[in-house]
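What follows is calculated from the coordinates using simple rules that are stated; it is not laboratory data. Owing to the predicted nature of the structure, the values given are computational and were not obtained by experimental measurement. Heads up, the Cβs are rebuilt from the backbone with ideal geometry, glycines too, and the neighbour counts pull from every protein chain shown.
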Amino acid sequence: MPSIMLVSDDDELARKMTAVLSEAGFVVRHAIDCPEAQRLVARKCPHIAILDIDSGGLANCSLAEHLAYCGDAATIVISAHYSGDDVAQALHLGSDMFIAKPLSMRELVARVRTLLWRSMGSEPLGPDALILDPENRSVRKGGREIALSPKEFRLLSYLMRREGQVVTHAELLCKAWGPAYENDRRLLALYIYYLRQKIEDTPAFPRYIHTRPRIGYYLSRYPMEDRCPQEAGPTGESAETKP
């Protein structure tokens with residue numbers, strides 16, 4: 001059963017969200033602050049983490065730290081502060097969604113289901129579809145399990161959750177390595193190369209992970225026609241890393 005970690009010290013909101021999400025078929029674990037959330041993730045990484053960044057229990061952690069301790073979980077940030085800068089910062093640092101308060105419980109459940117569906121790659125797209133299991137940290141293609149390193153898994157998981165959207169270099173680097181690495185495009189290109197070697201039938205003509213030059217990457221599980229070579233070399237060199 002899909003699991004959710006809710007981090008909030010607002011007891012009334014937490015009780016309401018827990019009741020609604022439990023009724024919708026999710027297992028909800030509640031933490032009131034950063035240390036408790038870290039302990040929950042250490043025991044078992046949830047499928048989705050919902051962070052109430054208005055909580056006093058999160059006041060001693062930056063947003064980057066909140067997202068870092070969520071590990072490979074898909075993340076939803078909720079807040080009463082809904083400026084364009086707030087949303088941009090949350091997405092830039094690796095959050096998957098931003099929902100403004102006051103919350104619509106119906107919208108919350110719909111967003112959680114959509115994010116879970118994206119994160120698991122569960123749409124039936126044929127025998128070669130990529131299927132990702134966040135709970136067991138496994139990836140399968142055509143019924144065959146593909147061994148990925150933790151960083152490769154985190155990158156693929158994030159790209160699958162944002163399927164069809166171009167994800168910037170900085171977003172991917174922040175999600176996989178943290179904000180200190182947000183400008184290290186060669187490191188990212190190297191790991192994209194590793195991923196393509198493992199999941200693509202023809203890495204130089206990728207079906208799944210595509211390059212948007214000088215911007216980032218996007219994932220598509222649908223066949224792409226008229227594809228151009230996009231493979232990074234083993235040193236991480238690729239056309240999109242050059243000025």
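I need His210, His47, His81 ordered by Cβ neighbour count within 10 Å, fewest first. Kindly include the intermediate steps, with their values, before the conclusion.
Numbers: His210 17, His47 22, His81 11.
By the 10 Å Cβ count, ascending, the order reads His81, His210, His47.
Listed by Cβ neighbour count within 10 Å, with the fewest neighbours leading, His169, His30 appear as His30, His169.
Rg and Dmax of region 182-222, based on Cα coordinates, read 10.3, 30 Å. Could you tell me which of the pairs Lys101/Lys151; Lys16/Lys141; Lys44/Lys175 are separated by over 30 angstrom between their Cα atoms in the structure shown? In this structure, Lys101/Lys151; Lys16/Lys141 exceed 30 Å between Cα atoms.
Packing-wise, with mean Cβ within 10 Å as the measure, how do 171-177, 147-153 rank, highest first? Please list the in-between numbers first.
Numbers: 171-177: 22.3, 147-153: 15.3.
Top of the packing list down: 171-177, 147-153.
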